[in-house]
Amino acid sequence: MFGDPQINFYVQDVEASTRFYRDAFGFTEMFRTPKQCRPIHAEVRLDQLTLGFAALDVAREMHRITAGTGPSAELVVWTDDVDRVYADLVAGTCAR
């Protein structure tokens, strides 16, 4: 039901965060938007771990997420049927 977990960090500078994990630890960039100009979201991967970096200002403006200026993160798990999983979670019947 759930898969491909990743951690997203809300950061001031997506480019600098991506570059740090790539250069210091050998992560590979897998996704970036937009592809040109200042990225507002990027994802890097090392083995089975995916880290995402989202611009704080965009999270606030576009998604109405009130991420603070300190360490801010979220755990992401993907599913193919959001409506069903949501209903199961609300009903208390969600299983892995």
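Since every read-out is calculated from the coordinates, none of them should be taken as a lab result. Remember, it's a predicted structure, so these values are computed and weren't measured experimentally.
Taking amide H as placed 1.01 Å from N in the peptide plane, THR79 has no amide H partner under 5 Å among residues 5 or more places away or on another chain. The candidate values are (1) 6.4; (2) 12.0; (3) 7.5; the one derived from this structure for mean projected area of the Cα convex hull in nm² carries the label (3). Per residue, the average separation of C-alpha pairs within less than 8 Å and at least 6 apart gives the chain a relative contact order of 36 percent.
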